[in-house]
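I have placed the structure first, in the form of structure tokens, so that the comments after it can refer back to it.
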Amino acid sequence: MTEKQYKTFKEFYPHYLDEHRKRGTRVSHFIGTTLFFVFIILAIVQLQPYFLLAGIVTAYFFAWIGHFFIEKNKPATFQYPWMSLKSDFKWYFGVLFGKEGFGNRGKKN
């Protein structure tokens, strides 16, 4: 069976949510993305580019913990890096502004 190919973000985002069904996966992503933004702010304030690297490594560490140990699937980043990043930010800010949740398939709970 061949894996579906996504050409647009509109097609991809529901797949992204599907690959992040479990609450623990979403929590790990939220932690990683929050720390990414903290490191970005530190990089700017401290004028230390090493914080950028720390932010990227930290974000992937938490995301991959969620995928490999909680969700038990392969991160979409491997096949769709930019759409995955955009999806992560869309979901993250959706949570912050009450449009998304930590529950199954993007529903508030």
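The values are calculated or read from the model by the stated rules, or taken from the named source; none is laboratory data. This is a predicted model, so every value here is computed, not measured. No Cβ is skipped: glycine too gets one built from the backbone with ideal geometry, and neighbour counts run over all protein chains shown. We work out accessible area using only protein heavy atoms, side chains counted, and drop any ligands, DNA or RNA first. Shrake-Rupley method; radii C 1.70, N 1.55, O 1.52, S 1.80 Å.
In this structure the amide hydrogen of F102, modeled in the peptide plane, comes within under 5 Å of the amide hydrogens of N109, none closer than 5 places in sequence on its chain. Spin-label model, V27/K99: points 7 Å from Cα along the beta carbon direction are separated by 2.5 nm.
Taking a straight Cα-Cα cut-off under 18 Å and skipping sequence neighbours fewer than 8 places away in the same chain, the aspartates and glutamates within cross-link reach of K74 are E3, D18, E19, D88. The modelled label-to-label distance between D18 and Q5, using points 7 Å beyond Cα along the C-beta direction, is 1.7 nm. A simple charge model with +1 on the Cβ of Lys and Arg, -1 on the Cβ of Asp and Glu and nothing else charged puts the dipole of the chain at about 400 debye relative to its Cα centre.
Residues considered: L47, L35, L85. Largest GNM mean-square fluctuation over the chain, using C-alpha springs under 10 Å, is found at L47. Accessible surface computed residue by residue for the chain, with neighbouring protein chains in place and a 1.4 Å probe, gives 66 Å² per residue.
Surface composition of the chain: carbon plus sulfur atoms hold 69% of the accessible area, using a 1.4 angstrom probe and ignoring ligands, DNA and RNA. The trypsin sites (Lys or Arg not before Pro) found in segment 2-49 that occupy coil by DSSP, while having at most 10 further C-beta atoms within 10 Å, are K4, K7. Measuring between alpha carbons in the structure, the pairs from K10/K99; K4/K99; K22/K99; K10/K86 lying more than 21 angstrom apart are K4/K99.
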